[in-house]
Amino acid sequence: MKLKDKVVVITGAGLESGFGWAIALEMAAEGGHVVVTDISSRYPNLPDYALGTTEDIEKRVAELKALGNDAMGLVCDVRSKTSVQAMVKAVVRKYGKINILVNNAGFVRVAPFLDIDEEIWDMHQDVMPKGTFLCSQAVVPEMKKTGERGKIINISSMAGLVGAGFAAAYCAAKFAQVGLTKALAQELAPQNINVNAICPGLMTQAHVGRQYAVGAAEALGTSAEAATGLFLSRMPMGRMGTPEDVAKAALFLASPDSDHITGVALEVSGGQR
């Protein structure tokens, strides 16, 4: 049990198809007390964009408890300092500490560069780099109090390392997450906190991956199936990754196995560049 009695906070983990839920299952199986958070609302300008609801959060927590694991569910909008601080206080009130933070909350809207409006640009930056900043800033003081090693894991993307057409806002946000990861790793290492990022390739089984494939297909004037086939043809390992692939990488970075690793942007992409 690599995470026995460790308290793990995972943002954006309400949807069953997301990376966050796969990570929650993996960490719970290794003894972690998992806190599942999500926004529980809709974006007013994108009412059809799927986001984790209160009901989703409650279902995820019930599923974890049915597996014999302790778990907690909380509503948290990572774009709001007030919401993030309230979430952290609630976790500490129940468990007394936070050991591991997974900044998983994400957003993607694919469009040609000239068609990106300011509001959509800002949403990418608010959910990902700003959300990672706010959550990390709120959690680090609690990690320092424990006397144990802390772990921060930021879910970025291959789009945050090499770029991708029709995803300028998303790429900018993901590059920013990688930069923040490397800066925090340097600053927090003397304080016994490791900070790493995971950079998945395109994974259409996951919510964000599906959103990207559909948007890219529209921008290219083709079907989502054809676009996915094109992306798959460029993957050296010949298969699309899964949320479970990301979850196993997250478990490694959360566990003592990675205690001497910090500032890494770990590619989980099947060789996709």
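The values are calculated or read from the model by the stated rules, or taken from the named source; none is laboratory data. Remember, it's a predicted structure, so these values are computed and weren't measured experimentally. Here the Cβ positions follow ideal geometry from the backbone for every residue, glycine too, while neighbour counts run over all protein chains shown.
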Exclusive hit being at positive phi and either of a type outside the set (Phe, Trp, Tyr) or in contact with a Ser or Thr (Cβ under 9 Å, 6 or more places away or on another chain) (or both), set Gly52, Gly32, Gly20, Gly12: Gly12
Boolean, Ala13 is in contact with an Asp or Glu (Cβ under 8 Å, 6 or more places away or on another chain), more than 23 Å from Phe175 (Cα to Cα) and either modelled with pLDDT of 95 or more or of a type outside the set (Val, Ile, Thr) (or both): no
Residues satisfying the stated conditions in the stretch 138-192, i.e. within 16 Å of the chain's Cα centre (by Cα), assigned to a helix (DSSP H, G or I) and farther than 30 Å from Gly215 by Cβ: Val139
Candidate set: the stretch 239-262, residues that are closer than 23 Å to Thr204 by Cβ and more than 15 Å from the chain's Cα centre (by Cα); chosen: the one surrounded by the fewest Cβ atoms within 10 Å (Cβ to Cβ): Arg239
Long-range neighbours under 6 Å by Cβ, at least six apart or interchain, first residue in contact (Cβ under 8 Å) with a residue 40 or more places away in the chain within the stretch 36-55, second acidic (Asp, Glu) and assigned to a loop (DSSP other than H, G, I, E, B): Ile39/Asp77
Selection from the stretch 224-271 of residues that are of a type in the set (Lys, Arg) and touching a helix residue (DSSP H, G or I) at 6+ places or on another chain (Cβ under 7 Å): Lys248
Positions within the stretch 89-135 being more than 19 Å from Ala197 (Cα to Cα) and touching a Gly at 6+ places or on another chain (Cβ under 6 Å), in sequence order: Val110
Filtered residue count, the stretch 141-161, keeping only those that are at pLDDT below 95 and out of contact with any helix residue (DSSP H, G or I) (no Cβ under 8 Å at 6 or more places or on another chain): 1
Residue in the stretch 25-35 that is farthest from Cys199 (Cα to Cα), counting only those that are out of contact with any Asp or Glu (no Cβ under 9 Å at 6 or more places or on another chain) and crowded, with 24+ Cβ neighbours inside 10 Å: Val35
Wholly enclosed helices (runs of 4 or more DSSP H) of the stretch 1-118 bearing at least 2 residues touching a Pro at 6+ places or on another chain (Cβ under 8 Å): 19-29
Candidates Leu51, Leu134 - the one that is at pLDDT below 95 and either within 30 Å of Ile261 (Cα to Cα) or in contact with a Lys or Arg (Cβ under 8 Å, 6 or more places away or on another chain) (or both): Leu51
Boolean, Asn45 is among the polar types (S, T, N, Q) and closer than 21 Å to Lys2 by Cβ: no
Filtered residues of the stretch 103-147 (kept if surrounded by 19 or more Cβ atoms within 10 Å (Cβ to Cβ) and among the hydroxyl-bearing types (Ser, Thr, Tyr)): Thr132, Ser136
